[in-house]
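We did not get these values from a lab; they are worked out from the coordinates using the rules stated. Note that the coordinates shown come from a computational prediction; the quantities given were computed from them, not determined experimentally. Cβ sites come from the backbone with ideal geometry, for glycine too, and all protein chains shown count toward neighbours.
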Amino acid sequence: MQLLQDKIRSDGTVKPGGVLKVDSFLNHQIDIPLYNEMGKEFARLFKDQGVTKILTIEASGIGIACIAAQYFNVPVVFAKKVQSKNLDGDIYTSQVHSFTHGKEYTIRVSKKFISEEDKVLIIDDFLANGKALIGLIDILDQANATLVGAGIAIEKGFQEGGKALRDKGINIQSLAIIKEMDEERIVFED
């Protein structure tokens, strides 16, 4: 998606350790017109999949998932990283390692929001090592729900997550795939 690539080039910065900082438009301050275009593109890419729910993980995936959901006319469910008093009843859980934060999380989704009748599209802001997607897929497997695919805003194509998941037959559609990056430049796959 050229619009997203242009925004990454103009406003993104690469920090030491392979961290792409896009907080001015994607995951701290949000560029709503950009999110809207991303939502339209996810709707185009997955329009024939019969999506009944969108699943994401807190926090940065929620905004993109919500904008995309309006084009599918379906609810968004997000996996919580912190146990809370308002997360009652039976829950699905999975372990996820965060590349950005360098720590393990237990993610949680109430069983009342995902069921075997659901055809679920996962939406997230980043795909690097694939751990968040693996955790979300594990939750869908526990629910016997159908995964129709994953829509990713930015994929670090030079890391193994996307390739490994595609090799398992998962339909991953990333709007911008970075082939290589350093503090001086960002190169996208064609």
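Some notes on this structure:
- For the stretch 174-181, the criterion of being in contact with a His (Cβ under 6 Å, 6 or more places away or on another chain) and surrounded by fewer than 18 Cβ atoms within 10 Å (Cβ to Cβ) is met by none of the residues.
- When residues of the stretch 1-32 are limited to those that are part of a helix (DSSP H, G or I) and touching a helix residue (DSSP H, G or I) at 6+ places or on another chain (Cβ under 9 Å), the one surrounded by the most Cβ atoms within 10 Å (Cβ to Cβ): Leu4
- Of the criteria (1) under 19 Å from Leu26 (Cβ atoms); (2) surrounded by fewer than 22 Cβ atoms within 10 Å (Cβ to Cβ); (3) of a type outside the set (Phe, Trp, Tyr), which one Gly162 fails: (2)
- If you filter the stretch 146-171 down to residues that are of a type in the set (Val, Ile, Thr) and touching a Leu at 6+ places or on another chain (Cβ under 6 Å), you find that the one that is nearest to Val51 (Cα to Cα) is Val148.
- Val19 falls short on exactly one of the conditions (1) closer than 22 Å to Ile137 by Cβ; (2) of a type in the set (A, V, I, L, M, F, W, C); (3) in contact with a Phe, Trp or Tyr (Cβ under 9 Å, 6 or more places away or on another chain), and that condition is (1).
- Residue within the stretch 49-58 that is buried (at least 22 other Cβ atoms within 10 Å of the Cβ), of a type in the set (S, T, N, Q) and touching a residue at least 40 places away in the same chain (Cβ under 8 Å) present: yes
- Subset tally (residues that are within 18 Å of the chain's Cα centre (by Cα) and on the phi < 0 side of the Ramachandran plot) for the stretch 168-190: 10
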